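Trainee: First the structure, which I've put down as C-alpha cells, then a few questions once you've had a look.
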Amino acid sequence: MNGDMPDEVDLEEQADAVADFVEELLGQMNIDAIAEPAQQGDRFYVDVLEAPPEDLALLIGKNTGQEEELEPMDALERKIVHDAVASIEGVQSGSRGEDPNRFVVISPVD
C-alpha cells in the first residue's frame with residue numbers, strides 16, 4: 001500500500017469480490033447474467049453481461065413502471081447497489097426496513 005491509497009492489486013481484488021457479489025445477487029433474482037469486473041483508467045466497476053433485456057428491466061425497475069424490492073442485505077451490499085443504480089438514467093434507489101432486514105428498493109424516477 002502507498003500511503004492512504006490502496007494499491008492496484010487491492011483494487012482488483014475488491015473489483016473481483018464486487019463482481020462475485022453482483023453475480024450472486026443476480027442469481028438470487030433468477031436473472032441469468034454474468035458480472036465481470038472492468039477498469040477504466042484508475043476506476044474499477046462491474047459490467048453485467050449477457051442478461052436478457054427483460055431481466056435488466058426487472059433489475060433496474062425501469063420498464064416495469066413499478067418499484068422492485070431486493071432481498072435484505074448489509075450496509076456495504078446496499079451501498080454497492082445504490083452506487084450502481086445511481087449511474088442508470090431513469091431509475092432511483094432507496095432503502096427500507098431496519099437492520100438486519102433492511103433492503104433496497106429500485107424504482108423509476110417520477
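The values are calculated or read from the model by the stated rules, or taken from the named source; none is laboratory data. For clarity, every value in this text was computed on a predicted model and none was experimentally measured. Note that we place each Cβ from the backbone using ideal geometry, even for glycine, and neighbour counts take in every protein chain shown. We work out accessible area using only protein heavy atoms, side chains counted, and drop any ligands, DNA or RNA first. Shrake-Rupley method; radii C 1.70, N 1.55, O 1.52, S 1.80 Å.
Trainee: Please pick out the residue among Glu24, Glu68 that is open to solvent by less than 80 Å² (accessible area, probe 1.4 Å), at pLDDT 80 or above and within 17 Å of Phe103 (Cβ to Cβ).
Mentor: Unique residue meeting the criteria: Glu68.
Trainee: For the stretch 48-65, how many residues are more than 15 Å from Gln28 (Cβ to Cβ) and modelled with pLDDT of 80 or more?
Mentor: 2
Trainee: Take the residues in the stretch 83-103 that are open to solvent by 80 Å² or more (accessible area, probe 1.4 Å) and out of contact with any helix residue (DSSP H, G or I) (no Cβ under 8 Å at 6 or more places or on another chain), then tell me which one is nearest to Glu71 (Cα to Cα).
Mentor: Asn101
Trainee: Further question on the same structure: From the set of residues in the stretch 33-46 that are modelled with pLDDT under 85, open to solvent by 60 Å² or more (accessible area, probe 1.4 Å) and touching a strand residue (DSSP E or B) at 6+ places or on another chain (Cβ under 9 Å), which is nearest to Glu23 (Cα to Cα)?
Mentor: It comes out as Tyr45.
Trainee: One residue is enough: does the stretch 79-98 have a residue meeting the conditions outside any strand (DSSP E or B), more than 29 Å from Leu11 (Cβ to Cβ) and modelled with pLDDT of 85 or more?
Mentor: yes
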